[in-house]
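Worksheet: one structure, shown below.
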């Protein structure tokens, strides 16, 4: 009986630990129409992407002309961005699905 309980306990721990899956999300950085910024380079964890278009409102995830970072583990990331004149920095929280972040 003790062996059966021990075996069931070990099996439960193994099954529960295998259920914890890493979660991923995407983040899209964008700028508003008329913002006056030129091409903006966004750096997130040593990877760069460019914002080359402006939008009237938050674009869809992965929109062309926005700075897109895909398949990131959920959590907080530091970013920096600049267009040669202006600069931005901060933290973005990546959640499952898509997060959009306006630079203004």
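Values quoted throughout were computed directly from the atomic coordinates according to the rules given, and no laboratory measurement underlies them. All of these numbers come straight from a predicted model, not from anything done at the bench. Note: ideal-geometry Cβ built from the backbone for every residue, glycine included; neighbour counts use all protein chains shown.
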Members of the range 61-99 found to be out of contact with any strand residue (DSSP E or B) (no Cβ under 8 Å at 6 or more places or on another chain) and closer than 12 Å to residue 29 by Cα, listed by number: 64
Of all residues in the range 25-34 being buried (at least 17 other Cβ atoms within 10 Å of the Cβ) and over 12 Å from residue 92 (Cα atoms), the one that is farthest from the chain's Cα centre (by Cα): 31
Scanning the range 35-57 residue by residue, those within 15 Å of the chain's Cα centre (by Cα) and in a loop (DSSP other than H, G, I, E, B) turn out to be 45, 46
Across the range 63-103, what is the number of residues that are in contact (Cβ under 8 Å) with a residue 60 or more places away in the chain, farther than 21 Å from residue 32 by Cα and assigned to a loop (DSSP other than H, G, I, E, B)? 2
Matching residues in the range 49-59 - criterion: being in contact (Cβ under 8 Å) with a residue 24 or more places away in the chain and under 15 Å from residue 26 (Cα atoms): 58, 59
List the pairs whose first member sits in the range 37-48 and is touching a residue at least 60 places away in the same chain (Cβ under 8 Å) and on the phi < 0 side of the Ramachandran plot, whose second member is in a loop (DSSP other than H, G, I, E, B) and surrounded by 12 or more Cβ atoms within 10 Å (Cβ to Cβ), and whose Cβ atoms are under 6 Å apart, counting only residues at least 6 apart or on separate chains? 37/31; 37/83; 40/83
Just give me the residues in the range 61-75 being more than 8 Å from the chain's Cα centre (by Cα) and at negative phi, in sequence order. 61, 63, 64, 66, 67, 68
